[in-house]
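**Q** Would you mind keeping the following structure in view while I ask a few things?
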Ligand code: PLP
């Protein structure tokens, strides 16, 4: 008789966005005349840039011709894309990352979930709190997180590193020593960034205690401040302690097209074993999850026209972020984020819980956001709004919020 992986049964409740979806659906059914504006979900709304569409069309045509047809992609991804990444994302920023240390994939969600598989189940993980829920969830599935306490909504074997207003949403070094440290900057959901000096402290710490940092830089393209690093490899010594996750979702609109990559430097080792060689055996090897057509579209992101068109797209979203942030401040809210990330993190008024504020905003303003508690215990009392809507909807939502 087969048995299931019991760890899956430990996952608590339903997923944050499905709970939100159900609540919004119920409200809309009860109030069909109300027009709801969604400023909650982290998906982009702008269409793919013209340069990307051209590259896709061209690659599709190549697939229809025996002379230019492509079958299985190479293990690490096509060289034309890895070379473009190595130059633009790393060499041009003074980071020493070779094209053969870049593993192309179908996005950062899969990679951030799968990367834990190359580590022993005995490793202790530390996570920013609040943060993108995938890191904890996938470690739950792997059996690495211990026992869940529903009252505190925490796992016994996870080190939570609170990111609150008191520390400007950048965690302090943990008291208990972790083996795997998940850092996500610019952060989802707080929208906060880390300075190069602050990140260097983490790199030095990881090297000292023999931990690995899994650095999620999915929102790197939104960085506007000079002293905020785009990559952890801008820090000295990161090659021996850090893996970096990147995505084309939020900088180039590939949420539905799917493309990302993970950097595993060859200097990153556990004794004699190189993590690079382990990740080379990951799920999806031989296909690497990203089709030729999509990797060609990814290459176009780095062309001069691509850079220009995508700069404009990021600027469009960041203008929305400004509208949200300034509107909320005008309405008397305490807000963070929105400067180096498309997320605005607001403190709920009148000591409302995150879900109370969700209901209040939905029912009184017909605006949907995301309750902060869905991202970890320290997110309670906070709420996330995103800049990914249209400009018109963003302005309209803020007009409504200001009147509440
Ligand atoms: N990492 C973070 C921090 C995210 O917020 C998201 C998506 O919201 C992802 C990764 C997922 O990226 P991708 O679309 O490449 O899977």
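**Q** If we scan the range 139-156, do we find a residue that is under 25 Å from residue 220 (Cα atoms), buried (at least 19 other Cβ atoms within 10 Å of the Cβ) and either within 16 Å of the ligand (Cβ to nearest atom) or at pLDDT 95 or above (or both)?
**A** yes
**Q** Would you call residue 282 at pLDDT 95 or above and surrounded by fewer than 22 Cβ atoms within 10 Å (Cβ to Cβ)? Please lay out each step first, then the result.
**A** Working: at pLDDT 95 or above: no; surrounded by fewer than 22 Cβ atoms within 10 Å (Cβ to Cβ): yes.
Criteria not met by residue 282.
**Q** Now for a separate question. Filter the range 375-404 down to residues that are crowded, with 23+ Cβ neighbours inside 10 Å and under 13 Å from residue 131 (Cβ atoms), then give me how many there are.
**A** So the count comes out to 5.
**Q** Looking at 261, 254 in this structure, which one is surrounded by 24 or more Cβ atoms within 10 Å (Cβ to Cβ) and touching a helix residue (DSSP H, G or I) at 6+ places or on another chain (Cβ under 9 Å)?
**A** After ruling out the rest, the residue left standing is 261.
**Q** Exactly one of (1) within 16 Å of the ligand (Cβ to nearest atom); (2) at positive phi is unmet by residue 94. Its number?
**A** (1)
**Q** So, residue 83, is that one within 18 Å of residue 292 (Cβ to Cβ) and assigned to a helix (DSSP H, G or I) or not?
**A** Yes; evaluated as a whole, the condition is true for this residue.
**Q** With the requirement that a residue be assigned to a loop (DSSP other than H, G, I, E, B), surrounded by 22 or more Cβ atoms within 10 Å (Cβ to Cβ) and away from the ligand (no atom under 15 Å from the Cβ), what does the range 230-251 give you?
**A** 235, 241
**Q** How many of the residues making up the range 141-153 are within 20 Å of residue 113 (Cβ to Cβ) and in contact with a strand residue (DSSP E or B) (Cβ under 8 Å, 6 or more places away or on another chain)?
**A** Residues flagged as within 20 Å of residue 113 (Cβ to Cβ) and in contact with a strand residue (DSSP E or B) (Cβ under 8 Å, 6 or more places away or on another chain) within the range 141-153 amount to 4.
**Q** Go through (1) farther than 30 Å from residue 368 by Cα; (2) crowded, with 22+ Cβ neighbours inside 10 Å one by one and return the number of the condition residue 304 breaks.
**A** That leaves (2) as the condition not met.
**Q** Which residue, of 227, 320, is buried (at least 17 other Cβ atoms within 10 Å of the Cβ) and either touching a helix residue (DSSP H, G or I) at 6+ places or on another chain (Cβ under 6 Å) or part of a loop (DSSP other than H, G, I, E, B) (or both)?
**A** From the options 227, 320, the qualifying one is 320.
**Q** Condition first: within 16 Å of the ligand (Cβ to nearest atom), part of a loop (DSSP other than H, G, I, E, B) and within 26 Å of residue 235 (Cβ to Cβ). Now tell me which residues in the range 97-124 satisfy that.
**A** 107
The values are calculated or read from the model by the stated rules, or taken from the named source; none is laboratory data. Model, not experiment: these values are computed from the prediction. Positions of Cβ are backbone-derived with ideal geometry, glycine not excepted, and every protein chain shown enters the neighbour counts.
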